[in-house]
Amino acid sequence: MRKCLPLFLISLAVLTVAQTAPKPTRAVAPAPRPSSAGFAAMETINPDRIRAHVRFLAHDLLEGRGTGQRGGDIAGEYIATQFALYGLKPAGDNGSYMQKVPMVGITPAPGTTFSLVPASGGVMPLKVLDEYVAYDQTQQPQSDIDAPIVFVGFGIHAPEYNWDDYKDADLKGRVLLMLVNEPPSDDPKFFKGKALTYYGRWTYKLEEAARRGAVGAILIHQTEMASYPWEVVRNSNSGEKSYLKLDGAPKLRAASWIQLAVAQKLATASGLDLGKLMTEALSRDFKPVPLSVKLQAHMVSRVRAFESNNVIGLLPGADAKLNDEAVLYTAHYDHLGIRPDMPGDNIYNGADDNATGCGVLLELARAFGQASQKPRRSIIFASVTAEEQGLLGSEYLGKHPPIPAGKITLDLNYDDIPPLGAPEEVEVAGSERTDFYRTVEATAKDFRLKIRPDAHPEAGHYYRSDHFSLARVGIPSFSVNEGIKYRGRDEAWGLAQDEEYNQKHYHQPSDEYHPEMDFTGDGTMARFGFVLGWQAATQPHLVGWEKGDEFEAARLKSGG
Ligand SMILES: [Zn+2]
């Protein structure tokens with residue numbers, strides 16, 4: 001995925017956000033430029049090879065590279081074959097290039113009931129999709145909940161911002177009612193000001209609730225706070241959703257959202273005022289508030305197990321002292337597959353998304369593999385699966401890396417690199433959070449690329465692409481992409497291309513390969529990433545996060 005922000009979000013965001021990238025505080029000098037052998041290898045990167053990979057991977061015969069489908073498996077085999085031809089060592093399971101990713105699909109099924117039960121007064125059964133949506137994350141066909149509801153504000157525990165909504169409340173066996181997003185702020189030192197941190201994402205809130213032993217979580221949907229309407233919640237929470245197979249981590253029997261009006265009824269039934277509760281939640285002194293209402297639910301789900309592979313190859317580094325450490329490159333190869341029941345063209349070819357990123361990854365692997373001299377650290381190439389299912393392949397890779405996460409110095413991710421010509425800008429959002437930023441700046445200058453800042457940090461794009469799965473386990477990570485301005489075109493042209501892609505082709509069968517596509521920019525992004533990777537693989541120290549960054553603790557824990 002990339003640039004998939006719906007238009008109504010963009011218009012909202014334009015009103016609210018200043019566009020300056022925060023400057024890093026740690027003064028780390030740029031890494032030395034690559035050796036002449038490194039430069040020579042970079043010079044071999046050829047946009048027409050990227051084109052050839054895209055043409056094949058986006059072919060109708062690949063049937064849209066669906067996760068757990070034949071076309072997706074063929075794409076994985078193709079990538080593994082290329083890795084073998086480039087001389088990469090297999091770094092998957094049992095001496096192969098394949099790392100098996102076990103997943104389950106969960107579909108809420110008829111028979112599910114979801115009711116609010118006040119201490120006194122009548123039971124309030126809620127209507128699915130209109131008033132609530134819920135998934136059972138325990139991966140069981142049936143579960144029951146009969147538990148008191150506790151309001152926990154934003155449901156955030158963020159020591160680095162001195163914020164704890166939970167205090168020391170015992171929430172085992174409870175259902176946690178919480179607000180979306182994070183405490184609003186203009187102060188960049190407090191939840192990064194207007195930018196969204198991971199604490200504001202609903203995925204964090206559900207994970208935190210489960211960690212605290214809750215049996216369920218109910219998020220209160222409020223359009224302004226979520227910055228998208230209920231329809232988005234409803235549409236992305238009906239039908240099958242995929243998860244990694246249970247790994248022993250605690251899970252919720254109900255991960256749910258309710259409409260604001262339902263939350264109001266719920267507060268009233270407890271003799272409380274929702275507006276007042278929401279105001280109290282804005283304070284550091286907030287403490288969890290038990291409600292006199294229980295959630296009674298019977299969850300019925302269809303559970304389908306399936307699997308797919310991450311494809312991983314490794315190029316050993318030249319320095320025996322450093323080659324147990326590595327730079328990682330990632331790009332997802334899955335897309336949405338084929339819909340046999342759909343009339344007309346029903347193949348989601350995913351040419352831009354993300355055959356382009358795979359083409360770049362393969363060309364990087366070839367250039368490194370065939371370089372006459374290798375960088376000091378090793379290089380790992382991972383083409384991951386199930387991105388479109390919610391970053392599942394990369395999540396599994398982060399939890400099961402081929403070498404310890406603390407020894408991976410940097411992840412560079414490629415997702416949806418538009419074949420539109422020669423870019424004059426590069427997007428590297430998130431790099432400014434690492435002590436590698438001076439190198440990124442210097443390299444961009446060498447390539448005569450302007451760094452384009454994230455125009456919508458409040459939308460939290462950083463948390464919606466595969467690099468985030470690696471950042472979560474502490475690895476300094478970001479995606480590399482083109483900006484908006486192209487040589488010989490004005491910015492309006494770039495914006496118009498972007499808009500047309502989002503409206504007409506993004507996640508549609510028309511995201512197809514065309515011979516007139518211009519892969520110059522894909523080649524430039526590959527060369528740019530080659531130089532960054534070479535430098536990270538060569539400089540004396542491992543890359544780190546800026547002091548106080550939300551991922552710094554994970555990095556320290558992993559020993560990096
Ligand atoms: Zn994508």
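Here are the numbers for this structure:
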item	result
Counted charge near residue 389, where neighbours are those whose Cβ lies closer than 9 Å (Asp, Glu -1; Lys, Arg +1)	-2
Residue 60/residue 144 FRET efficiency (R0 45 Å; Cβ-Cβ; nearest 0.05)	0.45
The chain, relative contact order in percent, only Cα pairs under 8 angstrom and at least six apart counted	23 percent
Efficiency of FRET from Cβ geometry, residue 109 and residue 48, R₀ 30 Å, rounded to 0.05	0.05
Degrees, to the nearest 10: 7-16 long Cα axis against longest axis of the chain	90 degrees
Solvent-accessible heavy-atom area per residue, rounded to whole Å², over region 266-370 at 1.4 Å	38 Å²
Ranked packing of 277-285, 179-187, most packed first, by mean Cβ within 10 Å	179-187, 277-285
Calculated [θ] (222 nm, deg cm²/dmol) that DSSP helices of n ≥ 4 give over the chain, each run adding -39,500 (n - 2.57)	-8000 deg cm²/dmol
Crossing angle, helix 357-369 versus the chain [Cα axis fit, 0-90 degrees, rounded to tens]	40 degrees
Net charge of neighbours whose Cβ lies under 15 Å from the Cβ of residue 216, counting Lys and Arg as +1 and Asp and Glu as -1	+3
Positive-end residue, region 147-269 charge dipole about Cα centroid, Cβ charges, pick of 235, 199, 263	235
Under 13 Å, Cβ to Cβ, from residue 206 - net charge with Lys/Arg +1 and Asp/Glu -1	+4
Region 57-151: trypsin sites (Lys or Arg not before Pro) in DSSP coil with no more than 15 other Cβ atoms inside 10 Å	127
Estimated distance in nm for a label pair at residue 189 and residue 321, the labels positioned 7 Å out from Cα along Cα-to-Cβ	3.9 nm
Proximal aspartates and glutamates to residue 504, defined as alpha-carbon separation beneath 13 angstrom and excluding residues fewer than eight positions away on the same chain	352, 512
Added length on full extension, which subtracts the Cα-Cα distance from 0.36 nm per residue, residue 403 to residue 292	35.0 nm
Cα pair distances exceeding 14 angstrom across region 406-445, given as percent	57 percent
Cleavage-rule hits, trypsin sites (Lys or Arg not before Pro), region 529-560, DSSP coil, Cβ neighbours within 10 Å at most 14	547
Of the trypsin sites (Lys or Arg not before Pro) in region 453-503, those whose Cβ has at most 12 other Cβ within 10 Å and which sit in DSSP loop	487
Cα-projected label distance for residue 280 with residue 36, points at 7 Å along beta-carbon direction, nm	7.3 nm
Which of 486, 514, 497, positive extreme of dipole for region 484-550 (C-beta unit charges)	486
Over the chain: Kirkwood hydrodynamic radius from C-alpha pairwise inverse distances, Å	24.4 Å
Percent accessible area from carbon and sulfur atoms, the chain, protein chains only, probe 1.4 Å	54 percent
Angle in degrees between helix 47-57 and the longest Cα principal axis of the chain, rounded to the nearest 10	50 degrees
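The values are calculated or read from the model by the stated rules, or taken from the named source; none is laboratory data. Please read these numbers as outputs of a predicted model, since none were measured by experiment. Counting neighbours? That spans all protein chains shown, and the Cβs are built from the backbone with ideal geometry, glycine included. Keep in mind that these areas ignore ligands, DNA and RNA; they rest on the heavy atoms of the full protein, side chains included. Shrake-Rupley method; radii C 1.70, N 1.55, O 1.52, S 1.80 Å.
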